[in-house]
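S.K.: A single structure is presented below for examination.
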Amino acid sequence: GAVVSQHPSWVICKSGTSVKIECRSLDFQATTMFWYRQFPKQSLMLMATSNEGSKATYEQGVEKDKFLINHASLTLSTLTVTSAHPEDSSFYICSASGVRNQPQHFGDGTRLSIL
Amino acid sequence: GENVEQHPSTLSVQEGDSAVIKCTYSDSASNYFPWYKQELGKRPQLIIDIRSNVGEKKDQRIAVTLNKTAKHFSLHITETQPEDSAVYFCAASGQGTASKLTFGTGTRLQVTL
């Protein structure tokens, strides 16, 4: 089945640091990738949708200058949390979609802890 | 935009009993409704999905029903087992499987012995 790899799985860093999270589709071409954020005991909230070769579409309330998304190829999207602060601590999950009418495939998530 | 409500937030059943989780959506244009199971610290796993041209779908102990007129859909788990214990999320999508998903608030299911 389709596999989406997300790296790193866990990050702990100091406040003010920028953190990059990678999302790769290993065995299919992902024309669209989605980035979600999940706070403890809450649901998944979509942050942005990225299409290969074009600018990401951000959901209302998500700061595009703080959460930089790059979808440079059909197998890789990156999310960079710039100048991270403790309130950015969360579980970040990507998903990827390739062939039409096939379900999205989720990565394993990245737990980000900002001290 | 789409809004998905999910009930109940917690559900405790005895092993072997059935569990039902209900969701309602607001956007009549939504046409794809997946259900996910998420264990602590793990990614959501698709357990079943249904499209708007189908009223019911079943996969072994799991079934989903969809009422387009009322804009609600439900997950039914029969013969529950302890390993069914997890958080379950419903979701809705407006343009098929490749579009963004709006998730419900989640149901924590606990199956007791």
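The values are calculated or read from the model by the stated rules, or taken from the named source; none is laboratory data. Quantities reported herein were computed from a predicted structural model and do not represent experimental measurements. Glycine gets a Cβ as well: all are built from the backbone with ideal geometry, and neighbour counts include every protein chain shown. Side chains included, ligands, DNA and RNA excluded: accessible areas come from the protein's heavy atoms. Shrake-Rupley method; radii C 1.70, N 1.55, O 1.52, S 1.80 Å.
S.K.: Tell me whether the stretch B:97-105 contains one or more residues that are at the interface with chain A (Cβ under 10 Å from one of its Cβ atoms), in a strand (DSSP E or B) and hydroxyl-bearing (Ser, Thr, Tyr). Walk me through it before giving the result.
M.R.: Of the residues in the stretch B:97-105, the ones at the interface with chain A (Cβ under 10 Å from one of its Cβ atoms) are B:97-105.
Right, trim to in a strand (DSSP E or B) and you get B:101-103.
Subsequent filtering for residues that are hydroxyl-bearing (Ser, Thr, Tyr) retains B:102.
So far as the stretch B:97-105 goes, yes, one or more of its residues are at the interface with chain A (Cβ under 10 Å from one of its Cβ atoms), in a strand (DSSP E or B) and hydroxyl-bearing (Ser, Thr, Tyr).
S.K.: Quick test for you: out of B:THR69, B:THR80, pick the one residue that is crowded, with 16+ Cβ neighbours inside 10 Å, more than 8 Å from chain A (Cβ to nearest Cβ) and either in a loop (DSSP other than H, G, I, E, B) or touching a Pro at 6+ places or on another chain (Cβ under 8 Å) (or both). Even if it seems obvious, please write down each step before you answer.
M.R.: Working: B:THR69 fails: crowded, with 16+ Cβ neighbours inside 10 Å.
Of the residues listed, the single one that is crowded, with 16+ Cβ neighbours inside 10 Å, more than 8 Å from chain A (Cβ to nearest Cβ) and either in a loop (DSSP other than H, G, I, E, B) or touching a Pro at 6+ places or on another chain (Cβ under 8 Å) (or both) is B:THR80.
S.K.: Sort out which residues of the stretch A:1-57 are hydroxyl-bearing (Ser, Thr, Tyr), part of a loop (DSSP other than H, G, I, E, B) and over 11 Å from A:LEU74 (Cα atoms), and write them in order of number. Walk me through it before giving the result.
M.R.: Start the filter on the stretch A:1-57 by keeping residues that are hydroxyl-bearing (Ser, Thr, Tyr), which leaves A:5, A:9, A:15, A:17-18, A:25, A:31-32, A:36, A:43, A:49-50, A:54, A:57.
If we keep only those that are part of a loop (DSSP other than H, G, I, E, B) as well, we get A:9, A:15, A:17-18, A:31, A:43, A:54.
Across the stretch A:1-57, the qualifying residues are A:SER9, A:SER15, A:THR17, A:SER18, A:SER43, A:SER54.
S.K.: Go over the candidates B:GLU39, B:GLU5, B:GLU56, B:GLU15 one by one and state the one that is touching a strand residue (DSSP E or B) at 6+ places or on another chain (Cβ under 8 Å), free of Cβ contacts under 8 Å to residues at least 12 places away in the same chain and either on the phi > 0 side of the Ramachandran plot or not basic (Lys, Arg) (or both). Walk me through how you get there before you give the answer.
M.R.: On the way: B:GLU39 fails: free of Cβ contacts under 8 Å to residues at least 12 places away in the same chain; B:GLU5 fails: free of Cβ contacts under 8 Å to residues at least 12 places away in the same chain; B:GLU15 fails: free of Cβ contacts under 8 Å to residues at least 12 places away in the same chain.
None of the others qualify; the one that does is B:GLU56.
S.K.: Mind checking which residues of the stretch A:23-53 are of a type in the set (A, V, I, L, M, F, W, C) and either open to solvent by 20 Å² or more (accessible area, probe 1.4 Å) or facing another protein chain (nearest Cβ under 8 Å) (or both)?
M.R.: The initial filter retains those residues of the stretch A:23-53 that are of a type in the set (A, V, I, L, M, F, W, C), namely A:23, A:26, A:28, A:30, A:33-35, A:39, A:44-48.
Scanning the stretch A:23-53 gives A:LEU26, A:PHE28, A:PHE34, A:PHE39, A:LEU44, A:MET45, A:LEU46.
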